[in-house]
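The values are calculated or read from the model by the stated rules, or taken from the named source; none is laboratory data. Since the structure is predicted, the reported quantities are computational estimates derived from the model, not experimental observations. Glycine also receives a Cβ, built like all others from the backbone with ideal geometry; neighbour counts cover every protein chain displayed. To get the accessible areas, we keep the full protein, side chains included, count just its heavy atoms, and leave off ligands, DNA and RNA. Shrake-Rupley method; radii C 1.70, N 1.55, O 1.52, S 1.80 Å.
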Amino acid sequence: MTCASRVIGHSRKLRNVSALLRQENALFVRWTSNSSHTVSSKRDDALRVRHHGYVPAEKQCYSKSVNDGMMSSPAMLKSSMHWMMAKKLGNPPALLLQTNRSSLTNVYLKRGFSSDSGLPPHQEIGMPSLSPTMTEGNIARWLKKEGDKMSPGEVLCEVETDKATVEMECMEEGYLAKIIKGDGSKEIKVGEVIAITVEDEEDIEKFKDYSPSASVDKVPADKSEPSAPKKEVIEESPKAPEPKVSQPSLVASEDRVFASPIARKMAEDNKVPLSNIKGTGPDGLIVKADIEDYLASGRMEVAASASKQKVATAPDLDYTDIPHSQIRKITASRLLFSKQTIPHYYLTVDTCVDKLMDLRTQLNSLQESLGGKRISVNDLVIKAAALALRKVPQCNGSWTDDYIRQYHNVNINVAVQTDNGLYVPVIRDADKKGLSKISEEVKHMAQKAKENSLKPEDYEGGTFTVSNLGGPFGIKQFCAIINPPQAGILAVGSAEKRVVPGSSPGDYNFASFMSVTLSCDHRVIDGAIGAEWLKAFKGYIENPESMLL
């Protein structure tokens, strides 16, 4: 009777929450059923959620447990229910990056609920990924200090990415409790915690000695128990190949080195130990080429070490070590990647620019009368390149492992050199814009690049690049490196006067010619297609009135 009365009493207490449990149970089943994919898709989904925005700590643990096949853990089910109940109470505050076009970029945020450590609810702000190529960033400066109140629209800090400096703004109220990465912090990996925020001002003091690593220690602790059986399986597997009796022969083969007679003679003459050389002949035989390669590499190492000693011991050598900026590092890595992976080839053509210069003079006179900005030769080159891409769309694409992507938009990146490094702002839909609009946008983007204030949308999404070293620097001709993932870049040289044959024998005239070189990705653009594009480009330059039609 006593047991029955207790059951009846408990059932009365739970009667009011049965509906809530039923609802939460349905939500949980629906959520877990949506996650019932293959193991690879689960991992991709978890990575995608973690990469693009807010990920509660409990949900991260649950996603990991699903991937590892541990859905039956009661602790995981409980933490998942807690996460869903917290989500029902309201959305957590989110920090977003505001650009000049009011576009929003997600920041790495993770909600930390009250736990055994005594920490109140808080948020860990991670270094955001602001471009497809960004893997790390720098903190230029914090505009808010620890303890300051944050209001929507206020700038927290300036983040230096691989392309520009972006302001991080807050969209909801809160307090900056702890700055993990201070002013000037460099090489911060994407997703690494840079600051802690709280909702209540009295919680700030509790994060005075906070370390982000302490909050991550709990996840590996929970994972250590289920990983123990895996270790036992791994330890048993090496016992299978025990019957092999090849160890004595291995020791004997290590003492004896096989080499051809001429290789042995070369090694003796140059006092080279054969044991230091790995043979490339049959069954590891050391041949003549191996000795020659070793001697060549050895001499290079000796020369390099000798030059280092000279640099270190030269008493009158004065120098300054300049640290790599973020833009310099990403430029170096991208251009190295381009030269190592893209099969470049180059096509050069000379174009007569006399008619182009006459048209430019007429258009600038009209622009001055209307109060507009002057049109440069580079503006006309950009327009001609865009129209040529529309005429030969095979050059307006990029290579992937499965297909060639051909773009329908003609977005021209323009190389701009600044004191901070090389920038390539983009002129979108250049084939559809007039010369005055192109001129205005190029000048505006160049000024933003020099001020280091370009936003991600100012340089992303280009399909072709134009680099001009002729007008500003007088370079006659050069070959540019392709800007991946694009398939082509046009290098524009300076114009020079040349003597050309006249209409009658013995008659000579003067004409201005400009050399341009097209760098092509041979995987995307065949030689004939590149030549066809240059022919179309030359036609627009030598008959510039056709660009106005």
For Asn413, state whether it is of a type outside the set (Val, Ile, Thr), under 18 Å from the mean Cα position of the chain (by Cα), at pLDDT 95 or above and closer than 19 Å to Ile525 by Cα.
yes
So how many residues does the range 178-204 have that are aliphatic (A, V, I, L, M) and surrounded by fewer than 17 Cβ atoms within 10 Å (Cβ to Cβ)?
1
Test result for Asp318, modelled with pLDDT under 85, open to solvent by 70 Å² or more (accessible area, probe 1.4 Å) and among the charged types (D, E, K, R)
no
Scan the range 408-419 and report the pairs whose first residue is over 17 Å from Glu451 (Cβ atoms) and open to solvent by less than 10 Å² (accessible area, probe 1.4 Å) and whose second residue is of a type in the set (Asp, Glu) and not in a strand (DSSP E or B), with Cβ atoms within less than 8 Å and a gap of 6+ or a chain change.
Val410/Asp429; Val410/Asp431
From the residues in the range 243-281 that are modelled with pLDDT of 80 or more, open to solvent by 50 Å² or more (accessible area, probe 1.4 Å) and β-branched (Val, Ile, Thr), which one is nearest to the chain's Cα centre (by Cα)?
Thr280
When the range 438-474 is checked residue by residue, the ones that are open to solvent by 50 Å² or more (accessible area, probe 1.4 Å) and touching a Pro at 6+ places or on another chain (Cβ under 8 Å) are Glu460
Out of everything in the range 368-407 that is in contact (Cβ under 8 Å) with a residue 40 or more places away in the chain, of a type in the set (Lys, Arg) and touching a Phe, Trp or Tyr at 6+ places or on another chain (Cβ under 9 Å), what residue ends up being least open to solvent (accessible area, probe 1.4 Å)?
Lys383
Quick one: what pairs do we get from the range 449-462, first residue within 11 Å of Tyr423 (Cα to Cα), second assigned to a loop (DSSP other than H, G, I, E, B) and open to solvent by 40 Å² or more (accessible area, probe 1.4 Å), C-beta under 6 Å, 6+ apart or different chains?
Asn452/Asn420
Does at least one position in the range 502-523 carry a residue that is touching a residue at least 12 places away in the same chain (Cβ under 8 Å), part of a helix (DSSP H, G or I), surrounded by fewer than 22 Cβ atoms within 10 Å (Cβ to Cβ) and of a type outside the set (S, T, N, Q)?
no
